[in-house]
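Chemist: I have a structure here, written as structure tokens, and I will follow up with some questions on it.
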Amino acid sequence: MKTYLPQIQRRILVRPNQTFGILNYDLDNAYPQRMLELVGQSPTAKDCWNKRAKFIAGIGFEQPDLGKQLVNSCGLTLAKLLKAIATDKALFRGFGLHINYNANFKISSVNYVKFEDIRMGDTDDAKTAEKFGIYNDWGRRSWKNIMRSKITFLDKYDPGEETIKKQVFAAGGWDKYKGQLYYFNPEVDDYPLIEADSVWEDFETEAGIKIFNNREVTTGFLPSTMLFMQSRREEADNSSDRGYRNAPSQLEKDLGSFQGAKSAQKIIVIEYEDESAKPEFQPYAIQNNDKLFESTERSVEARIIKGFSVPKELINSEKASGLSNGSEKKEAIREFNDNTAADRIELSETMAEVFGHFYTNLNPSGNWNIVPVPANVADDALALKAGAAINELLLSAIPSHNKIATLVHAYGFKQTEAEAMVGEGLDN
């Protein structure tokens, strides 16, 4: 008897692309572009991505006013740069920085590069090995073909003076030198999978549920029905000089305009000459989609949240909005801060490395630590919500004793405190 292990297909395949001198990011060279589209169509995935990016960036640098420092002539500040690379790291687990040098071999400017625009150079091509190709349309959304002449190749980051001299000489001088790329990649000689890659199919599923719900609304929740009618003769409005065949008849146009949320109260009148020409509508039973989609949506949402490793209390805010859930949300913030601590350390180390070679000392203290999101934001949000509810209660027209009872039993105030807030005896 022979045994074997079933082969699990790799999520992405990296292959040399000799035409462009790069390594393809999956077979179609558009893995990050596809993932961006899927995340953009999935509300839960996009929310998880935003939450993860927010926690990685924290509330900025620990060193006061460090975020206001400019890093290039285009007005990019350290705070904006931190937010940009934290956003890429939250989804792609990597990021890119374009580094330019001056003639003193010091970094003169730093620019953010979208991670999805970066491709590693073909290691078998002497001209592009140890380089990175930058192009803004690998997914071919704007143009049908990729033009190699528009791909910008940057050298791999290395601030060593001798390395820079060799690169400048190879480029033909400082005026032709394009700089280097600092490419943060958690993988070794390979492209990284996105955060939550294991559940990207659920992104697509949630997007499909959204489309289904939209279709139900635009068709006025019309039950599935079959229309039986005699073979029609081509109507006069079906013929045209353009020679279209099987153009919709007037009946089909009327039925189409009859559907939809805005047409729910319309009446359609159908004329027929005899009983044999009378259209017949027959509904057919289908599975209860409402219940099916409701349970599917819940399970899909839960898997996406788990895939991003985000505590559910930070995503399902409507399910954790009561006063009793303040401690749970605070604990969720602490947990997520711990989860993203390594990411913040990596960004801090990157900043220290890159700007340690900057032409001017932006941070004399040498402190590049990033402050995590404080857990007391949960208390603040909770207090605002509770305060608004209490104010609404006090301004309402219900009797004073009902207000006092609500303050005591629902909000935990003492009897004397509640009476003082309401002004007991005013409406007795």
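The values are calculated or read from the model by the stated rules, or taken from the named source; none is laboratory data. This is a predicted model, so every value here is computed, not measured. Quick reminder, even Gly has a Cβ in these numbers, built from the backbone with ideal geometry, and neighbours come from all protein chains shown.
Chemist: Which of the residues spanning segment 95-134 are without any contact (Cβ under 8 Å) to a residue 40 or more places away in the chain and in a loop (DSSP other than H, G, I, E, B)?
Modeler: Lys114, Ala126, Ala129, Glu130
Chemist: Exactly one of (1) among the hydroxyl-bearing types (Ser, Thr, Tyr); (2) farther than 19 Å from Gln18 by Cβ; (3) modelled with pLDDT under 95 is unmet by Thr128. Its number?
Modeler: Thr128 satisfies all of (1) among the hydroxyl-bearing types (Ser, Thr, Tyr); (2) farther than 19 Å from Gln18 by Cβ; (3) modelled with pLDDT under 95 except (2).
Chemist: Scan segment 139-170 for residues that are assigned to a helix (DSSP H, G or I) and of a type in the set (S, T, N, Q) and report the count.
Modeler: 3
Chemist: With Lys54, Lys89, Lys80, Lys46 as the choices, which residue is modelled with pLDDT under 95 and basic (Lys, Arg)?
Modeler: From the options Lys54, Lys89, Lys80, Lys46, the qualifying one is Lys46.
Chemist: In addition: For segment 48-81, give me each residue that is under 30 Å from Ile209 (Cα atoms) and touching a Phe, Trp or Tyr at 6+ places or on another chain (Cβ under 9 Å).
Modeler: Within segment 48-81, Cys48, Trp49, Lys51, Arg52, Phe55 meet the criteria.
Chemist: Same structure, new question: Of Arg34, Arg93, Arg11, Arg52, which residue is crowded, with 16+ Cβ neighbours inside 10 Å, of a type in the set (Lys, Arg) and touching a helix residue (DSSP H, G or I) at 6+ places or on another chain (Cβ under 7 Å)?
Modeler: Exactly one residue qualifies, and that residue is Arg52.
Chemist: Something else about it: Working only within segment 136-147, note down all residues that are under 25 Å from the mean Cα position of the chain (by Cα) and touching a residue at least 60 places away in the same chain (Cβ under 8 Å).
Modeler: Within segment 136-147, Trp138, Gly139, Arg140, Arg141 qualify.
Chemist: Residues that are small (Gly, Ala, Ser), within 20 Å of Leu23 (Cα to Cα) and surrounded by fewer than 22 Cβ atoms within 10 Å (Cβ to Cβ): does segment 111-125 have at least one?
Modeler: No: zero hits.
Chemist: Take the residues in segment 377-428 that are exposed (fewer than 12 other Cβ atoms within 10 Å of the Cβ) and under 23 Å from Glu313 (Cβ atoms), then tell me which one is modelled with the highest pLDDT.
Modeler: The extreme case among them is Ala388.
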